[in-house]
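Structure, as structure tokens:
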Amino acid sequence: MPTGKKLASRVIDDKDRQILMLLQEDGRMQFKQIAKKVGLSIDSVHRRIKEMQNKGIFHSTIQIEPRAIGYPLVADIKIKLKNVSEKKRKEFIDYLKKHKSCIELHAVMGDFDFTCVLIAKDSNELEELSTSIRQKFKDLILEWKGILVLKTYKFEEYNLN
């Protein structure tokens with residue numbers, strides 16, 4: 001990272017990319033290991049990571065495998081809305097964001113307005129969940145297309161080289 005340049009005023013550089021790639025491989029890698037691999041001091045690595053986090057380039061989180069914690073059904077739901085006011089759209093988004101079974105929610109462009117990922121313990125729970133959301137927003141939802149996810153091969157992995 002060029003000295004004296006704040007991250008807000010520049011794009012990430014090659015050292016930042018190297019750090020991000022290493023953290024993708026192992027989010028718990030020690031600063032000492034990262035510093036050695038990218039050829040920087042430990043303090044420089046720490047500063048770069050903090051700056052990238054503050055800028056929102058990445059978030060320190062864990063990824064949970066739903067099937068490993070008792071949710072064998074993962075459904076990718078495509079949703080098209082109709083007659084949507086900004087107030088109703090926000091209500092719909094807020095409801096899904098707070099719903100314990102909705103683990104992802106994205107506004108999308110194309111044939112649908114949203115895609116969300118729902119998890120369930122069995123097919124009965126998935127049907128009840130789907131029905132309850134569709135009924136609650138029946139005046140808003142035009143189309144609902146569910147796709148059962150069989151296996152995830154790649155999830156949020158970026159090649160920054």
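Here each label is just a point 7 Å from Cα along the line to Cβ, and for I69 and R17 those points are 3.4 nm apart. Per the Kirkwood formula applied to alpha carbons, the range 84-149 shows a radius of gyration over Rh ratio, Rg over Rh, of 0.93. Here the Karplus curve 6.51 cos²θ - 1.76 cosθ + 1.60, taken at θ = phi - 60°, turns the phi angles of the range 44-54 into couplings of 5, 4, 4, 4, 4, 4, 4, 5, 5, 5, 4 Hz, with x standing for Gly and Pro. Once the convex hull of all Cα atoms in the chain is built, its volume per residue stands at 152 Å³. Cross-linked pairs K37/K151; K80/K136; K15/K36; K80/K154; K55/K100; K82/K145: Cα-Cα separations exceed 21 Å for K37/K151; K80/K154; K55/K100. Averaging the sequence gap over all C-alpha pairs within less than 8 Å and six or more residues apart, then dividing by the number of residues, gives the range 66-149 a relative contact order of 48 percent.
Each value in this text was obtained by applying a stated rule to the coordinates, not by laboratory testing. From a predicted model like this one, the values you see are computed outputs, not experimental measurements. Note that we place each Cβ from the backbone using ideal geometry, even for glycine, and neighbour counts take in every protein chain shown.
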